[in-house]
Amino acid sequence: MKTALLAILLFCVMIFPHELGHFIAARRMGVKVIEFSFGMGPAIWKKQGAETLYSIRLLPVGGFCAMEGEDEESSEPRAFSNKKPWQKIVVLSAGSIMNIICAILIMALIIGTMGFTTTVVREVTAGMPAEAAGMMPGDKIIEIDGAKIEQWTDVSKAIQASGGESMEVTFERGKEVKSVTMTPELTEGVDAQGNPAQGYVLGVTCKISHNPFMALVDGAQSTWNMVKMMFSALGQLFTGQAGVDELSGPVGMINMVSQTEKYGFWYYGFLTALICVNLAIINMLPLPALDGGRIIFVIYTMITGKTVSEKVEGTVHMIGMALLLALMVFVTMNDITRIFG
């Protein structure tokens, strides 16, 4: 039951904000919205607004934004089909933009709640090199052997790279900048798998920050890293370095949701953000039936001044939808085979 509820929430976070993005952009561009719905299937609640019908449907797995003139010509001046090309592009892009915003906010929430490392010293261990050199809690490490320190991982890397040789550590204490020389001490410990391991230490730990602004910055950076990872995966797919059989569909996503239960809620949040990014990028690909494919038609009209006939565009999108559905069936069968085979 828990997996089912988390899976439904995942689909809602993926699809509903996407359609909400289209809705907000359509309203801002003056497009008449016929219906905005949360969920799919039969309507269980409806409310007629000034011009838009708002509804909640039985299956809470997304939603839709139905615009006047979205798929056909219309005499209504505020129809989507009668808007300027740049306005159409804004409306079509808004769904993916909203998915990216959701991913940033989710990652910012995760990072802000869990906290993130800084280059400020939290504790100095008694009897260790840092204490002997005079370091104190609150000192901010800014350089090691002349190399600029921007994050705590830079400190850890520099200590291990020293090989136990003495190193010059520069830090800020209030308005003062101090430099001290210390020699890392070799200690015994365990690695992430619990196996015995050795490493060099100075005897300092870092301060953990929950600053919401920095969490938002880190959330944006983490989302950008996901975007780059997604483009890299697409590149491997198109060059043949990765096979189509490695793709996952709804069944695979539900399986991934069930796996996150082993690791905690924050892993589920990361998975949700990652899938939001994937949806945003895939939906903007220049393929028929996707927003990216529809934007291509708009750009063609901008460049040539010629409008593609409703019949031709409809046929192209219909073929694209059929191919996407076939791909969905294929990846779903792959998911089932991978899980149960």
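The values are calculated or read from the model by the stated rules, or taken from the named source; none is laboratory data. Being a predicted model, the structure only gives us computed values, none of them experimental. When we count neighbours, we look across all protein chains shown, and the Cβ atoms used for this are built from the backbone with ideal geometry, even at glycine. Areas reflect the complete protein model, heavy atoms only, side chains present, ligands, DNA and RNA absent. Shrake-Rupley method; radii C 1.70, N 1.55, O 1.52, S 1.80 Å.
Using the 1.4 Å probe convention, the accessible area of segment 1-122 works out to 49 Å² per residue with neighbouring protein chains retained. With a 1.4 Å probe rolled over the protein heavy atoms of all chains, the accessible area of 268, 263 falls in the order 263, 268, largest first. Using the Cβ-Cβ distance between residue 266 and residue 232 with R0 set to 25 Å, the FRET efficiency works out to roughly 0.55. Under a straight-distance cross-link criterion of Cα-Cα below 20 Å, which lysines are reachable from residue 46, leaving out those fewer than 8 residues away in the same chain? Of all the lysines, those that pass the test against residue 46 - Cα under 20 Å, at least 8 places apart if same chain - are 32.
Across segment 214-230, computed HN-Hα scalar couplings (Karplus, 6.51 cos²θ - 1.76 cosθ + 1.60, θ = phi - 60°) run 5, 4, 5, 4, 5, x, 5, 5, 5, 5, 4, 5, 5, 4, 4, 5, 5 Hz from first to last residue, x flagging Gly and Pro. Seen from every direction in turn and averaged, the convex hull around the alpha carbons of segment 67-147 projects onto 10.3 nm².
When the Cα gyration tensor is reduced to axis lengths a ≥ b ≥ c, the ratio a/c is 1.5 or higher for segment 126-207, and with a/b above b/c it is classed as prolate.
Computed over Cα pairs, the Kirkwood radius of segment 1-136 leads via Stokes-Einstein (1.306 mPa s, 10 °C) to a diffusion coefficient of 87 µm² per second. Per-residue SASA remark: residue 154, around 40 Å² accessible (1.4 Å probe; ligands, DNA and RNA not included). Computed over protein heavy atoms with a 1.4 Å probe, the carbon and sulfur contribution to the accessible area of segment 163-238 reaches 56%. Residues whose amide H lies under 5 Å from that of residue 39, counting only those 5 or more places away or on a different chain, are 57, 61, 62, 63, 64; hydrogens are built 1.01 Å from N in the peptide plane. Decide, for segment 11-86, between rounded, prolate and oblate: order the square roots of the alpha carbon gyration tensor eigenvalues as a ≥ b ≥ c, take rounded if a/c falls under 1.5, and otherwise choose prolate if a/b is larger than b/c, else oblate. It is prolate, given that a/c is not under 1.5 and a/b is the larger ratio.
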